Amino acid sequence: MKKLALALIVLAGPALAKDRKPAPPPPIVASVDGLPIGAVPKQDLPAKGCAAFLWTRGPSQAMIAMAVAEPATIRLTIDGKVQDFAMTAQTGAGGYGFSHTAEYKGGDVTATLEMTITNETSLQSGARISDATLSIARPGRDTVVVPAGGLIGCV
């Protein structure tokens, strides 16, 4: 009888497992260090080209942005929503498909990313962002300037 019960459990196991739902993604952090921007959840490299991943230099060291060289966009969390913004202007040479300064817009949001890209011999297919600032401007609200640093990864 024990063998029959064990056999039924073994046979029913895969059928029961398919009914399990995957764990929900972690909640989005709507505010980093008391700022009106949130953390960007884990991101993958684009299928081709380069992406810049930026973390705050504040106490939380949260990832607050991912900029992609092609198509030229930046991903931010504003008002608790992860959003992509298209680049509208750029100046200065940066490297890896990025400019020193890039402006991104969408809706009433203007994001300006200034970054200094430093080549590191220890990094393959990428570089270090030794110094960066991310400015977020919205009409009728204070402009927020966040010091950041990060890495560039390329495929």
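The values are calculated or read from the model by the stated rules, or taken from the named source; none is laboratory data. Note that this is a predicted model, so its numbers are computed, not measured. Every residue, glycine among them, receives a Cβ derived from its backbone with ideal geometry; neighbour counts consider all protein chains shown. Note: areas computed on protein heavy atoms with side chains; ligands, DNA, RNA excluded. Shrake-Rupley method; radii C 1.70, N 1.55, O 1.52, S 1.80 Å.
See the values below:
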| item | result |
| --- | --- |
| Hits in segment 102-119 - residues which are touching an Asp or Glu at 6+ places or on another chain (Cβ under 6 Å) and surrounded by 18 or more Cβ atoms within 10 Å (Cβ to Cβ) | Thr112 |
| Only one of Gln83, Gln124 that is touching a residue at least 12 places away in the same chain (Cβ under 8 Å) and either more than 21 Å from Arg57 (Cα to Cα) or open to solvent by 80 Å² or more (accessible area, probe 1.4 Å) (or both) | Gln83 |
| Selection count where residues are surrounded by fewer than 21 Cβ atoms within 10 Å (Cβ to Cβ) and under 17 Å from the mean Cα position of the chain (by Cα), scope segment 132-145 | 2 |
| Yes/no for Leu76 being outside any strand (DSSP E or B), in contact (Cβ under 8 Å) with a residue 12 or more places away in the chain and in contact with a strand residue (DSSP E or B) (Cβ under 8 Å, 6 or more places away or on another chain) | no |
| Any chance Ala47 is surrounded by fewer than 21 Cβ atoms within 10 Å (Cβ to Cβ), in contact (Cβ under 8 Å) with a residue 24 or more places away in the chain and over 19 Å from Met115 (Cα atoms) | yes |
| Among the residues listed as Gln83, Gln43, the single one being outside any strand (DSSP E or B), touching a Lys or Arg at 6+ places or on another chain (Cβ under 8 Å) and at pLDDT 90 or above | Gln43 |
